[in-house]
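The numbers here are math on the coordinates, done by the rules we state, and not lab data. Quantities reported herein were computed from a predicted structural model and do not represent experimental measurements. Backbone-built Cβ (ideal geometry, glycine too); neighbour counts: all protein chains shown.
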Amino acid sequence: MNDHSITVWKVMQQMALEKTWNQDYANDMFILWYLHDIGKQFGYMADHAERWWEILKRSDYKYWQEVYYHGFADIEYSSPELDLLDIADLQVLLDWRHVSVQERLEEIWNNCGFDSAPYKNYETLAKRYNLI
């Protein structure tokens, strides 16, 4: 796992415990966190979620949809777990630092450009969660 993913987990764990005070739920979120970017470990950066959701679905993993839909602003699917994953991911830079959503957007802007699909997607995602 890379540092970005580990920091996303720490943010998710804190948010899950604050939300529910339930350690079992926080443990479930650990598994979700671990699986959400697992495709990156095999070199599939652009389509890392798409390569693994079908396996998770066939395995009856209860959060397969969260793995598949994380990071996409233009979807109709919603769940508290997807919200938790997206919000945590919006607060962690690629170099692992936990930052504000605005700082994360600035990183995407600097790396991809203001008119880029990734920037527009994450900006829309942040607006959906009322984070900007």
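Note on the chain: GNM, Cα springs under 10 Å; of ASP28, ASP86, ASP115, the largest mean-square fluctuation is that of ASP115.
Taking a Cβ cut-off of under 15 Å around LEU17, the surrounding Lys, Arg, Asp and Glu residues balance to a net charge of -2, with basic ones at +1 and acidic ones at -1.
Using the Cβ of TYR63 as centre and a radius below 10 Å, the other residues enclosed give a net charge of -2, where K and R count +1 and D and E count -1. Counting only chymotrypsin sites (Phe, Trp or Tyr not before Pro) that DSSP places in a loop and that have at most 15 other Cβ atoms within 10 Å, the longest clean stretch of the chain runs over 45-71. Per-residue ellipticity at 222 nm computed for the chain from its helices equals -19000 deg cm²/dmol, with DSSP H segments shorter than 4 residues left out and the rest contributing -39,500 (n - 2.57).
Summing +1 for each Lys or Arg and -1 for each Asp or Glu among the other residues whose beta-carbon sits under 13 angstrom from that of GLN102 gives -2. For the pair ARG97 and LYS127, the difference between a 0.36 nm per residue extended length and the Cα-Cα distance amounts to 8.7 nm.
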